[in-house]
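Asks: This is the structure I have questions about; it appears just below.
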Amino acid sequence: MSGSGDKTIAYANVTLRLATLPVTFDDFNGGNDTGWTRYSPVAGSTYTFPAMSGSGAYLLTSPKGIMSFTSPDPGRIGSYRMDQPARTKFHVEADLLNWSETKGQHMGVQARVQSPVPTNGDFPGGYALVLRVSKSGVRGESRLSILRINAGTTEPTVLNVYPDQGYNLNNGFTYPAPGVGGYRLIFWSDSGYLKGQIIDKNTGIPMVFYDGVSTMTNTLVVPDPGTYTSGTSGLFSYVRITNNDAQGVDPTFDNFYSGTDAPDTTLPSLTCPSNKTIGMDLNQNVATGVALGTSSTSDNSGGIVTVWNNAPTQYPIGVTTVHWYGYDPSGNVVTGTQTVTVNDTQAPSITSPADVTVPVNSGSTAVNVSLGTPVTSDNCSVASVGNNAPAAYPLGNTTVTWTVADGSGNTATGTQKVTAVWLSSEVSHCATQNGMFTFTWFGRKLQQTDDLSQPFTDVPGAVSPYSVPITPPRKFFRAW
């Protein structure tokens with residue numbers, strides 16, 4: 001479709017609206033390039049309209065030309081909207097969907113194209129924003145450049161201010177699969193400067209590259225040399241002849257746009273929700289259903305900022321960083337982060353071994369007692385299990401406390417009773433005589449209590465035989 005007016009272009013997470021101005025737009029869905037003037041100086045060049053992502057596109061192919069240093073005739077091709085009025089202020093965009101990685105070509109959009117388009121093979125003069133790719137497919141050698149397309153020649157001039165400006169695109173960008181993703185080139189004039197961006201259509205985010213001095217940037221800026229002050233616009237590709245070797249060109253373009261409105265490059269504002277600290281789901285080792293909160297946004301255009309994030313459905317223990325993105329109607333993107341800290345505050349569980357009764361086997365104590373093994377569990381992990389068991393258990397009851405700890409330091413306890421007893425009774429006999437009750441026993445202590453519901457206590461100084469008067473108050477005795 002070719003025409004003018006209000007147009008939209010869909011990216012991965014946002015749809016861009018192009019300004020309602022006298023503009024030229026073509027999505028090539030009609031399968032033709034009506035209104036375009038072709039520039040095809042190399043014999044065998046073709047213009048076709050392949051289906052890409054379910055819609056039409058514009059494929060320009062040119063053979064490699066003639067390899068000659070004295071009369072260079074490199075592979076080159078173009079197509080221009082010469083039906084446009086000549087413009088000094090320009091804004092040109094196009095999708096770059098596909099190309100062959102082995103051709104080392106320059107591909108992009110051209111502005112201030114001079115009329116008429118030459119028929120003798122010379123370049124049509126103007127300026128171009130191009131992606132230059134390596135013939136070897138090494139993406140670290142790729143570069144975003146602004147060229148002066150010198151009329152009357154077949155050799156452009158690179159206008160990048162610094163030798164390394166435009167290199168290191170996204171630290172090595174991804175070659176687009178046919179019909180999937182791709183890139184969008186944006187080229188415009190702005191108060192004595194020529195500026196360009198390349199946007200990854202999978203994310204809608206401008207790619208970054210080296211500014212040639214000290215840092216990474218997403219906008220290529222060069223002074224306007226003033227060689228060409230006005231002209232039309234279109235699509236352009238060529239390949240340099242190096243070491244007496246050359247290749248052809250075959251870029252696939254789509255969604256061409258040309259106008260005079262300067263693109264909005266001001267980032268929107270985005271305030272992420274506050275960081276959150278939460279616990280895990282009950283008896284689970286993750287947190288789910290986390291309410292992150294709502295971000296706040298604004299944009300200089302007054303338009304809607306589309307917001308999304310990469311929040312997972314499950315948060316493991318520790319800190320998870322959620323990345324938030326905000327896109328304005330012009331495709332400018334701002335990012336922010338929010339952290340979600342998940343703590344394990346759930347105590348582990350423990351079931352102590354059953355109580356045990358053991359015989360005295362070392363003097364009046366029990367040693368080498370087998371307590372058994374407790375049953376433990378935790379929503380994450382059990383880190384340790386221990387107890388405070390003594391080496392020797394005295395006669396009677398001893399309470400052993402078991403403690404389990406998980407990986408986050410949460411603990412739980414349980415108890416187990418160990419009862420140490422003599423293996424059998426050795427009381428010889430009891431007798432009464434002259435109003436006295438006499439006990440005789442061997443090897444144990446004599447204990448007494450006033451009430452069988454109360455504990456027994458040792459009879460101080462009692463040795464066998466031992467006599468007590470048969471008078472109130474009533475007492476109960478045992479050898480223990």
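The values are calculated or read from the model by the stated rules, or taken from the named source; none is laboratory data. This one's a predicted model, so the numbers in the text were calculated from it and none came from an experiment. Cβ placement follows ideal geometry from the backbone for every residue including glycine, while neighbour counts extend to all protein chains displayed.
Matching residues to (1) buried (at least 16 other Cβ atoms within 10 Å of the Cβ); (2) over 20 Å from F28 (Cβ atoms); (3) assigned by TED's automatic domain parsing to the domain that holds L59:
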site	(1), (2), (3)
G192	no, yes, yes
K195	yes, yes, yes
K201	yes, no, yes
G204	yes, yes, yes
P223	no, yes, yes
Y238	yes, yes, yes
V249	yes, no, yes
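Asks: Please report, ordered by residue number, the strands (runs of 3 or more DSSP E) entirely within region 380-480 with at least 2 residues that are modelled with pLDDT of 80 or more and either among the acidic types (D, E) or closer than 30 Å to Y315 by Cβ (or both). Explain how you work it out, then say what you get.
Replies: Numbers: elements: 382-387, 392-394, 396-406, 411-421, 427-433, 436-441, 446-449, 466-469, 476-479.
Qualifying strands (runs of 3 or more DSSP E): 382-387, 396-406, 411-421.
Asks: Failed condition for T174, given (1) at pLDDT 85 or above; (2) not assigned by TED's automatic domain parsing to the domain that holds I317, with all others met?
Replies: Of everything listed in (1) at pLDDT 85 or above; (2) not assigned by TED's automatic domain parsing to the domain that holds I317, T174 misses just condition (1).
Asks: Ok, one more. Identify, please: which residue in region 285-299 is in contact with a Leu (Cβ under 9 Å, 6 or more places away or on another chain) and assigned to a loop (DSSP other than H, G, I, E, B) and is, among those, surrounded by the most Cβ atoms within 10 Å (Cβ to Cβ)? Break it down stepwise before answering.
Replies: As a first pass, look at region 285-299 and keep what is in contact with a Leu (Cβ under 9 Å, 6 or more places away or on another chain): 295-299.
Now narrow it down to the ones that are assigned to a loop (DSSP other than H, G, I, E, B): 295, 299.
On the way: S295: 18, D299: 21.
The residue in question is D299.
Asks: Now for a separate question. Can you tell me which of D95, D33 is buried (at least 17 other Cβ atoms within 10 Å of the Cβ), among the acidic types (D, E) and more than 18 Å from T232 (Cβ to Cβ)?
Replies: Details: D33 fails: more than 18 Å from T232 (Cβ to Cβ).
Answer to the check: D95.
Asks: I've got another one for you. Let me confirm something: among D261, D245, which residue is in contact with a Leu (Cβ under 6 Å, 6 or more places away or on another chain), more than 19 Å from S145 (Cα to Cα) and either surrounded by 24 or more Cβ atoms within 10 Å (Cβ to Cβ) or modelled with pLDDT under 90 (or both)?
Replies: From the options D261, D245, the qualifying one is D261.
Asks: Please specify each residue of region 337-371 satisfying the condition of being small (G, A, S), in contact (Cβ under 8 Å) with a residue 24 or more places away in the chain and farther than 30 Å from G318 by Cα.
Replies: Matches in region 337-371: S352, A354, S362, S364, A366.
Asks: Across region 113-164, which residue is modelled with the highest pLDDT among those that are of a type in the set (K, R) and under 19 Å from V221 (Cβ atoms)?
Replies: R148
Asks: Additional query: Could you tell me which numbered condition V358 fails, if it satisfies all but one of (1) surrounded by 13 or more Cβ atoms within 10 Å (Cβ to Cβ); (2) in contact with a Pro (Cβ under 8 Å, 6 or more places away or on another chain)?
Replies: (2) is the only condition that V358 fails.
Asks: Restrict the check to region 101-109 and report whether at least one residue is of a type in the set (D, E) and surrounded by 23 or more Cβ atoms within 10 Å (Cβ to Cβ). Break it down stepwise before answering.
Replies: Taking region 101-109 first, the residues of a type in the set (D, E) are 101.
When the remaining residues are screened for being surrounded by 23 or more Cβ atoms within 10 Å (Cβ to Cβ), the result is none.
Checking region 101-109: not a single residue is of a type in the set (D, E) and surrounded by 23 or more Cβ atoms within 10 Å (Cβ to Cβ).
Asks: Another question, then. Identify all residues within region 137-168 that are in contact (Cβ under 8 Å) with a residue 24 or more places away in the chain and among the polar types (S, T, N, Q); write none if there are none.
Replies: Across region 137-168, the qualifying residues are S142, S145, N150, T153, T154, N160, Q165, N168.
Asks: Select from region 83-113 the residues that are assigned to a loop (DSSP other than H, G, I, E, B) and either closer than 20 Å to V42 by Cβ or not assigned by TED's automatic domain parsing to the domain that holds Y238 (or both) and list them in ascending order.
Replies: At the first step, the residues of region 83-113 found to be assigned to a loop (DSSP other than H, G, I, E, B) are 83-86, 88-90, 99-105.
Scanning region 83-113 gives W99, S100, T102, K103, G104, Q105.
Asks: Across region 361-379, what is the number of residues that are surrounded by 16 or more Cβ atoms within 10 Å (Cβ to Cβ) and under 30 Å from V286 (Cβ atoms)?
Replies: So the count comes out to 4.
Asks: Touching a Leu at 6+ places or on another chain (Cβ under 9 Å) and not hydrophobic (A, V, I, L, M, F, W, C), is that true of D190? I'd like the intermediate steps shown before the answer.
Replies: Details: touching a Leu at 6+ places or on another chain (Cβ under 9 Å): no; not hydrophobic (A, V, I, L, M, F, W, C): yes.
No: the conditions fail for D190.
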